[in-house]
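Read through the structure below, which is laid out as structure tokens, and then see the notes.
The values are calculated or read from the model by the stated rules, or taken from the named source; none is laboratory data. This is a predicted model, so every value here is computed, not measured. FYI the Cβ positions are ideal-geometry reconstructions off the backbone, even for glycines, and counts take in every protein chain you see. Side chains are part of the model used for accessible areas, which takes the heavy atoms of the whole protein and leaves out ligands, DNA and RNA. Shrake-Rupley method; radii C 1.70, N 1.55, O 1.52, S 1.80 Å.
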Amino acid sequence: MRTTTAIAATGLAFALCAANVGIGAADTVSSRGEPQWSAVESDPVSKYLDLPLVNSQGELSGGIHPALPTDLATLEDALDYVRAKHIPPARYTALLWQYWLVRSTTDAGIDLTSWAPARGAEANKNTIFSAYTFYGKLFLAYPELQWAGMANMVGPSFAAGFLDIGATPDVAALLAEKIDTLPLEARTELPRELTDLARYGVTLSPVELQWFEAKLVAMQKHIFMDQASMHEAYLTGGTTAIAEMRAAGLIDDSAVAAWRAIATSRTELIEDANTHLLSREQNQIIAAQWNQMREHHGPIGGMVTYAITLTGSVSIPGAKTPAQYSPLTISTETRNTTPRLVLTTPLPSFNIADQADRWIYITHDTLPAYQRIVHDYPTEARQIIASPVEDRVAQQRLAARWPQLATHLITSWHLSATCNPCPHQFRSSSVFQHVARSAVPDERRWSKVNAPELPPLSLTPADHDAICRCV
């Protein structure tokens, strides 16, 4: 399924969409009456006009542009002035975005000036938690804001990933040990990002991993800057405020249509509209940053983003991890063409940084799981969303999951071996495996065991004859 299909098929008829979304300054009501400027300030806001959006992706500390104030009253006065003067919204784009961002961070209890992704997840931990808590409060007060509820519910999984990315070398070492036990024919079929992770992941330095950590924190900030600002604008000024954001170039016509659909209070439109906001988040806002991560520093980006996919948890009840949703399965022939090996792994078959695969996973599993709990178990959904974010993050941290995860990564491998036209097939826990004698590690024998250890050895016709007895 392509990324646009799920939205196009919804029937939002984004005919609500915005043929006439542009507005003039006269369409917006001044928030506090006449602005209070001193007599000497004949043109008090010229310094705020036509500013570039230097922090549009949330990579830097602070707000949209360093020349803009972070004081809400000053921003309100500036906006009242430009609206009263009928200045086109396209000229005060940065000012408008800064205003809604400051309102959002103020309501969320976030200090915008200290929100600095480059400092990493631990330094921004309270801000990360506050952002997800804010989304939850929006949903609890306004249940039609389903995107906000989902962001709160799934957020602890991502926050845990930010905080635990330093454990990537440990994961790599575990994988390397396991992969070394696979038959050569299976090892050669493994995807490159997985083998790179197993081979080189243990050498990743803290400095290298810090870059990825900062990028993840920036992505969370970028989403907040976009989505929280839209939510704040809608709740404060309705679709008129949304239309002003469109006229300023901050959002597109389809986003306007989604908010107009939410404003109808029609259940059949609200779900699709919120799905569109989710698509905007994944396919417009952070898609480029995911690509930057995957392409960073040659093969390093691919193996780190694969590690993120591999270790990722999911904090929505009923949703699957990437590996549970789409486990990596490889099928191969030995050099002698018999037997045929099929290996099912506890690893994901895709990289979460891939935009198309990520969207398929979200729309086929994560989103439906969220919608089920909201629709079928609304009380439980609200209880989860109202619970402390920091507690839910702690449940998703590797410190809480590592014993189970490590055991899963080591033991949940299933090998089946078949020959053609041999009717016998061995799979799952009844796998014929090559097991090392504990007393003499280098001396090996074939035995039928209830454990999925797969030491390194090619299957020859003689091996096949010994275990299958059908040649």
Task: Criterion: outside any loop (DSSP other than H, G, I, E, B), in contact with a strand residue (DSSP E or B) (Cβ under 8 Å, 6 or more places away or on another chain) and not polar (S, T, N, Q) - qualifying residue of A307, A323 - done: A323
TODO: Output the residue which, of all residues in region 111-142 that are without any contact (Cβ under 8 Å) to a residue 40 or more places away in the chain and in a loop (DSSP other than H, G, I, E, B), is least open to solvent (accessible area, probe 1.4 Å).
DONE: A123
Open item on the list: Can you tell me which residue is most open to solvent (accessible area, probe 1.4 Å) among those in region 367-376 that are in contact (Cβ under 8 Å) with a residue 12 or more places away in the chain and out of contact with any Leu (no Cβ under 8 Å at 6 or more places or on another chain)?
Closed with: R372
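Kindly evaluate V374 against the criterion of being hydrophobic (A, V, I, L, M, F, W, C), outside any helix (DSSP H, G or I) and within 27 Å of F162 (Cα to Cα).
It is false that V374 is hydrophobic (A, V, I, L, M, F, W, C), outside any helix (DSSP H, G or I) and within 27 Å of F162 (Cα to Cα).
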Task: Failed item, numbered, when V207 is tested on (1) outside any helix (DSSP H, G or I); (2) free of Cβ contacts under 8 Å to residues at least 12 places away in the same chain - done: (1)
Open item on the list: Checking the structure you have, find out if any residue of region 251-274 is open to solvent by less than 10 Å² (accessible area, probe 1.4 Å), closer than 26 Å to P117 by Cα, in a helix (DSSP H, G or I) and in contact (Cβ under 8 Å) with a residue 60 or more places away in the chain.
Closed with: no
Open item on the list: Report every pair of residues separated by at least 6 positions or lying on different chains whose Cβ atoms are under 6 Å apart, first residue within region 181-199 and within 13 Å of T344 (Cα to Cα), second assigned to a helix (DSSP H, G or I) and of a type in the set (V, I, T).
Closed with: none
Task: All positions within region 228-240 that are buried (at least 22 other Cβ atoms within 10 Å of the Cβ) and either among the small types (G, A, S) or more than 19 Å from E76 (Cα to Cα) (or both) - done: A228, S229, A233
- [ ] Inspect all residues belonging to region 417-434 and state whether any of them is in contact with a helix residue (DSSP H, G or I) (Cβ under 8 Å, 6 or more places away or on another chain), in a helix (DSSP H, G or I) and either of a type in the set (A, V, I, L, M) or modelled with pLDDT of 80 or more (or both).
- [x] no
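Go through the residues of region 68-82 one by one and say whether even a single one is surrounded by fewer than 13 Cβ atoms within 10 Å (Cβ to Cβ), at pLDDT below 95 and part of a helix (DSSP H, G or I). Reasoning before the result, please.
Within region 68-82, the first condition is being surrounded by fewer than 13 Cβ atoms within 10 Å (Cβ to Cβ), and the residues that meet it are 71, 73.
Subsequent filtering for residues that are at pLDDT below 95 retains none.
For region 68-82, residues surrounded by fewer than 13 Cβ atoms within 10 Å (Cβ to Cβ), at pLDDT below 95 and part of a helix (DSSP H, G or I): absent.
Could you look through region 377-414, keep only residues that are among the polar types (S, T, N, Q) and not in a loop (DSSP other than H, G, I, E, B), and pick out the one that is most open to solvent (accessible area, probe 1.4 Å)?
Only one residue tops the list, namely Q404.
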Task: Selection within region 166-176 - over 18 Å from W211 (Cβ atoms) and in contact (Cβ under 8 Å) with a residue 24 or more places away in the chain - done: A173, L174, L175, A176
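In this structure, is P52 open to solvent by less than 30 Å² (accessible area, probe 1.4 Å), modelled with pLDDT of 50 or more and of a type outside the set (D, E, K, R)?
When the stated conditions are applied, P52 does not pass them.
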TODO: Pull up region 172-204, narrow it to residues that are part of a helix (DSSP H, G or I) and polar (S, T, N, Q), then point me to the one that is most open to solvent (accessible area, probe 1.4 Å).
DONE: T203
Task: Cβ-Cβ under 8 Å pairs, at least 6 apart or on other chains, region 292-317 side at pLDDT below 95, far side among the aromatic types (F, W, Y) and surrounded by 23 or more Cβ atoms within 10 Å (Cβ to Cβ) - done: none
